[in-house]
Structures are given as structure tokens and as C-alpha cells.
Amino acid sequence: MRDRLSQLAQAWRQTAQSDPRMPLRVGLAAGGTLVLFVVLGIVTGWWFLHIVGVLAALTVAIIVFGRGVQSAQFTQIEGQPGAAAAVLNVMRGQWFVQPAVAFSKKQDFVHRVIGRCGIVLVGEGSPARVKQLLSREKSRMAKLAGGDVPVHTMVVGTREGDVALDKLQVELNKLKRELSKTEVPKLERRIKSMDRDLPMPKGYIPNPGKKMR
């Protein structure tokens, strides 16, 4: 318990340093929730709503704080080679992520994600080089997966048409579901069996794991 509280305190300090407005947002969200329940309790005469309000305020504060921590962590890794892989690796749900299935010597990457939407190739790096990597990898995936499996492409960045790093998970979850829950792992195993001879990139790919969770 003490270790958990220490971790929360450290996360609070680090997030507040990178986002000074975070404590204000947490306070306003929690305070507004508490006031709402108190007013409802007074109007209705249901005094137990005051207790419910305290619990609801704590829940809202935790949610807002969690989002602030995640946003701060995205900011810290943004621009680093392989930052998209770090975000993909902590996605929740039925997603199979394979980082750096294609890459260049100048640290341009294409990461593969397999889910209910089919196959998603996520590129990051120089626009021209990433476009070539994505084109080659999309052709390869189309041959391996067959015509019934859609292959999507995304580019992470700040240019027009790119997907912002902190919006990457949202954009993936927006894609239409084309496969059943049983088809996804079968597709992942079939595709992954073709990756055994792929070379691994040298260099740093951030993988925060527990830190980002």
C-alpha cells in the first residue's frame, strides 16, 4: 500500500511538472461532481447522496488524473524513434502488435497491428521513406492475408493527414470491425509465421510497458 501511494505521488509530481494545469483540472472535476451531488441531496432530501458524491468525486478525480498521466507520457516519448510502437503495445482489447516489421537505416518504422478491423500498418518517420515502406508492406500483407482481410495504413506525425500520437489508439478503435473474435488470432498466427526471417532493427524503440499503464 505504501509503495502504491509512493508511485501515485511520484506520478502526480511528474505530471504536474509537465502539465501545470493538471491539478486544476482534477480539482475542478472532482469539486464540480461533489457539488452536484450535494445539491441533489439537498433538493431531494436524500442525504445519502452526499456520501455517493464523495465517492463519485474521487472516481472522477482518478479518471481525469489518469488521462493527464497518459497525455504527459505521450508528450515525453513523442518524436522518439519507435514512439508509435510504445503506444500500440499498451492498447487494451484484442490487438496483436508486431513492432518494426519494416524499417530503414534512418529509423523509419512500420508497425503491424492485427485486430477485429483486419491488418493496420502504422508508419512513423520521414514521409517519403515511410510511404515506400508502407506500400511494400501493404502489398506483402495483402498476399499473405488474402483478399477478404482489409489492410489499412496510418502515418503517425504532426503533418496534415497524419495521426497524432495521442490519437493513435482512438483512430484504431474507430475502424470498422471486419473479423470475428476467433478469426483474429488465427490470422495473427498465420501472418506471424512468415516473420521468422525478418531482420530486427538496431536502435531504440521505447517500450514503457507498466509505466504507461
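Of all the residues in segment 110-132, those that are under 19 Å from LYS192 (Cβ atoms) and not small (Gly, Ala, Ser) number 11. May I ask you to verify whether ARG21 is open to solvent by 70 Å² or more (accessible area, probe 1.4 Å) and at pLDDT below 85? It is true that ARG21 is open to solvent by 70 Å² or more (accessible area, probe 1.4 Å) and at pLDDT below 85.
Residue-by-condition table, conditions (1) closer than 24 Å to SER180 by Cα; (2) touching a helix residue (DSSP H, G or I) at 6+ places or on another chain (Cβ under 6 Å):
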| position | (1), (2) |
| --- | --- |
| HIS50 | no, yes |
| ALA57 | no, yes |
| ILE62 | no, no |
| ALA86 | no, yes |
| GLN94 | yes, yes |
| ARG112 | yes, no |
| GLY125 | no, no |
| SER135 | no, no |
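The numbered conditions (1) over 21 Å from the mean Cα position of the chain (by Cα); (2) within 16 Å of ARG190 (Cα to Cα); (3) without any contact (Cβ under 8 Å) to a residue 40 or more places away in the chain; (4) open to solvent by 30 Å² or more (accessible area, probe 1.4 Å) are all true for VAL149 except (4). Return the residue satisfying two criteria in turn: it lies in segment 106-118 and is of a type in the set (D, E, K, R) and over 21 Å from LEU175 (Cα atoms), and of such residues it is most open to solvent (accessible area, probe 1.4 Å). So, considering only residues that are of a type in the set (D, E, K, R) and over 21 Å from LEU175 (Cα atoms), the one most open to solvent (accessible area, probe 1.4 Å) is LYS106. All of LEU134, LEU121 fail the test of being buried (at least 18 other Cβ atoms within 10 Å of the Cβ), part of a strand (DSSP E or B) and free of Cβ contacts under 8 Å to residues at least 40 places away in the same chain, apart from LEU121. When each of PHE48, PHE37, PHE96 is tested for being at pLDDT 80 or above, among the aromatic types (Phe, Trp, Tyr), open to solvent by 30 Å² or more (accessible area, probe 1.4 Å) and under 30 Å from VAL110 (Cβ atoms), the lone residue that passes is PHE96. Filtering segment 157-172 to residues that are part of a helix (DSSP H, G or I) and either open to solvent by 100 Å² or more (accessible area, probe 1.4 Å) or without any contact (Cβ under 8 Å) to a residue 12 or more places away in the chain (or both) leaves LYS167, VAL170.
The values are calculated or read from the model by the stated rules, or taken from the named source; none is laboratory data. Given the structure is predicted, the values throughout are model-derived calculations rather than measurements. For neighbour counting, all protein chains shown are included, and Cβ atoms are generated from backbone atoms with ideal geometry for every residue, glycine included. Remember, those area values only see protein heavy atoms, side chains included, never the ligands or the DNA or RNA. Shrake-Rupley method; radii C 1.70, N 1.55, O 1.52, S 1.80 Å.
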